[in-house]
1. State whether the residues of the stretch 160-171 include one that is more than 16 Å from ligand 2 (Cβ to nearest atom) and over 20 Å from residue 27 (Cα atoms).
2. Cβ-Cβ distance below 7 Å, separation of 6 or more or different chains: which pairs start in the stretch 146-166 with a residue that is farther than 19 Å from residue 121 by Cα and end on one that is acidic (Asp, Glu) and assigned to a helix (DSSP H, G or I)?
3. Give me the residue from the stretch 186-211 that is over 16 Å from the mean Cα position of the chain (by Cα) and not aliphatic (A, V, I, L, M) and, out of that set, nearest to ligand 2 (Cβ to nearest atom).
4. Filter the stretch 89-113 for residues that are more than 18 Å from the chain's Cα centre (by Cα) and assigned to a loop (DSSP other than H, G, I, E, B); which is nearest to residue 53 (Cα to Cα)?
5. Tell me which of these residue 42 doesn't satisfy, since it passes every other one: (1) more than 16 Å from ligand 2 (Cβ to nearest atom); (2) of a type outside the set (S, T, N, Q); (3) at pLDDT below 95; (4) closer than 28 Å to residue 113 by Cα.
6. Just to check your reading of the model, which residue among 33, 78, 15 is touching a residue at least 60 places away in the same chain (Cβ under 8 Å) and not hydrophobic (A, V, I, L, M, F, W, C)?
7. Taking the condition farther than 13 Å from residue 91 by Cα and either among the hydroxyl-bearing types (Ser, Thr, Tyr) or crowded, with 16+ Cβ neighbours inside 10 Å (or both), does residue 136 pass?
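The values are calculated or read from the model by the stated rules, or taken from the named source; none is laboratory data. Note that this is a predicted model, so its numbers are computed, not measured. Neighbour counts run over all protein chains shown; Cβ positions are idealised from the backbone, glycine included.
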Amino acid sequence: DPVLRLSGIEKFYNRGKPNEVQVLRGAELDVKRGEVVALVAPSGAGKSTLLHIAGLLDTADAGEVAIAGEVLGGKSDRRRTIVRRQEVGFVYQFHHLLPEFTALENITLPQLANGVPPKEATARARDLLASVELEGRAAHRPAAMSGGEQQRVAFCRAMANAPKLLLADEPTGNLDPTTSDRVFGALMTLVRETGLSALIATHNLELAGRMDRQVELREGQLVPL
Ligand code: ADP
Ligand code: ADP
């Protein structure tokens, strides 16, 4: 089974109203185990909508989402929440780290919420920080770190619960080109080391070219780029 399968996904906003828009029109995608797929889309094309549906944060009006072979369309909210917390990691353009907690705590907390014992959670958080060369920032709060450092901590947090699937929405979009390039490299290293599958939205065609495969969201469908 692919790690992520989207079949026939349709999504409307304001359905049945005069301002109805159909954002997704039968989107199809398989992300295989260990595969990193670039999602390229102009602003407004529906990339965030697609990522939210793939990550079980939103529901489609038609079609099926399956994660690791489990079809989650018709499942209870409870099951979708469990799968989202255990199997999906999210990274956004802005890091969304908790400002009052340190880098280490930001990576430890999601593990504690999943029932990982504190010692184990802390050890894993330290390993993750080391893998993005931030062992020296463990005790720093987000405000005391650079944009690139904050974003690398956000990657570690997304990986904290060892998800099967990483979904990223312009993960280096708010960084200058040089930092973006380096931070993207750190993300790819982390993804490759863990054998994670990923769907990464980007406007940057150079970064997209460094992924295994590129798909474009065009008129509500996913087409090879
Ligand atoms: P992208 O991430 O590619 O910029 P989005 O998925 O955010 O695109 O949005 C796709 C389209 O759907 C846009 O035209 C947007 O205005 C519209 N849209 C997004 N969310 C809503 C919403 N909650 N209600 C109505 N329209 C929405
Ligand atoms: P919930 O509070 O619905 O149980 P969690 O706190 O378990 O969700 O969140 C799981 C993941 O989904 C986290 O990475 C979180 O950042 C992300 N997330 C939760 N709600 C949203 C949302 N409305 N928009 C974007 N991401 C979200």
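1. First, pick out the residues of the stretch 160-171 that are more than 16 Å from ligand 2 (Cβ to nearest atom): none.
No: the stretch 160-171 contains no residue that is more than 16 Å from ligand 2 (Cβ to nearest atom) and over 20 Å from residue 27 (Cα atoms).
2. Qualifying pairs under 7 Å: 165/87.
3. Within the stretch 186-211, the subset over 16 Å from the mean Cα position of the chain (by Cα) is 193, 204-206, 209-210.
Among the residues that remain, those that are also not aliphatic (A, V, I, L, M) are: 193, 204, 206, 209-210.
Working: 193: 20, 204: 22, 206: 27, 209: 27, 210: 24 Å.
Restricting to residues being over 16 Å from the mean Cα position of the chain (by Cα) and not aliphatic (A, V, I, L, M), the top hit is 193.
4. 99
5. With respect to (1) more than 16 Å from ligand 2 (Cβ to nearest atom); (2) of a type outside the set (S, T, N, Q); (3) at pLDDT below 95; (4) closer than 28 Å to residue 113 by Cα, residue 42 is out only on (4).
6. Details: 78 fails: touching a residue at least 60 places away in the same chain (Cβ under 8 Å); 15 fails: touching a residue at least 60 places away in the same chain (Cβ under 8 Å).
Being touching a residue at least 60 places away in the same chain (Cβ under 8 Å) and not hydrophobic (A, V, I, L, M, F, W, C) holds for just one of 33, 78, 15, which is 33.
7. Details: farther than 13 Å from residue 91 by Cα: yes; either among the hydroxyl-bearing types (Ser, Thr, Tyr) or crowded, with 16+ Cβ neighbours inside 10 Å (or both): no.
Taking the combined requirement at face value, the residue does not satisfy it.
Conditions (1) of a type in the set (Val, Ile, Thr); (2) under 27 Å from residue 184 (Cβ atoms); (3) touching a His at 6+ places or on another chain (Cβ under 9 Å), marked per residue:
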site: 57; (1), (2), (3): no, yes, no
site: 75; (1), (2), (3): no, no, no
site: 91; (1), (2), (3): yes, yes, no
site: 98; (1), (2), (3): no, yes, no
site: 112; (1), (2), (3): no, no, no
site: 142; (1), (2), (3): no, yes, yes
site: 148; (1), (2), (3): no, yes, no
